[in-house]
Amino acid sequence: PTDNMPSAVPEVPAALVALVHDFLKTSGFNKAAKALKKEHDEELEEVKGESLLELFKSTNKAPESSKKKRKAEEEKEDEEKEEEKPAKKSKKEKKEKKEVKVEK
């Protein structure tokens with residue numbers, strides 16, 4: 001035994017092993033799927049519901065959509081701030097205003 005190896009392998013839920021096995025098979029990792037099946041043959045269950053890839057995609061979708069939502073909210077706030085600020089006058093407008101005052 002090597003010093004790097006853990007003394008006990010943690011328990012992995014059978015449903016998770018089945019999901020990983022299904023993912024390996026459907027992704028073309030046949031040798032890895034076969035090795036996993038050899039290690040956990042009696043634990044392998046039929047995968048019901050979403051695949052591992054679908055679960056991964058659904059959990060990673062939420063942060064992306066919330067990022068977009070947050071960005072849209074920030075843009076809206078920026079627009080509102082711009083509307084609140086008085087519009088800056090151009091040099092031409094300032095000059096015309098001075099000329100009007102001088103004429104009076």
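Brief remarks on what is shown
- Just so you know, in region 1-42 the residues that are acidic (Asp, Glu) and open to solvent by 60 Å² or more (accessible area, probe 1.4 Å) include one that is modelled with the highest pLDDT, and it is GLU39.
- Residues (at pLDDT 75 or above and polar (S, T, N, Q)) located in region 57-72: SER58, THR59, ASN60
The values are calculated or read from the model by the stated rules, or taken from the named source; none is laboratory data. Note that the structure is predicted; figures quoted are calculated from it, not measured. The protein model used for the area step is the full one, side chains on, heavy atoms only, and it has no ligands, DNA or RNA in it. Shrake-Rupley method; radii C 1.70, N 1.55, O 1.52, S 1.80 Å.
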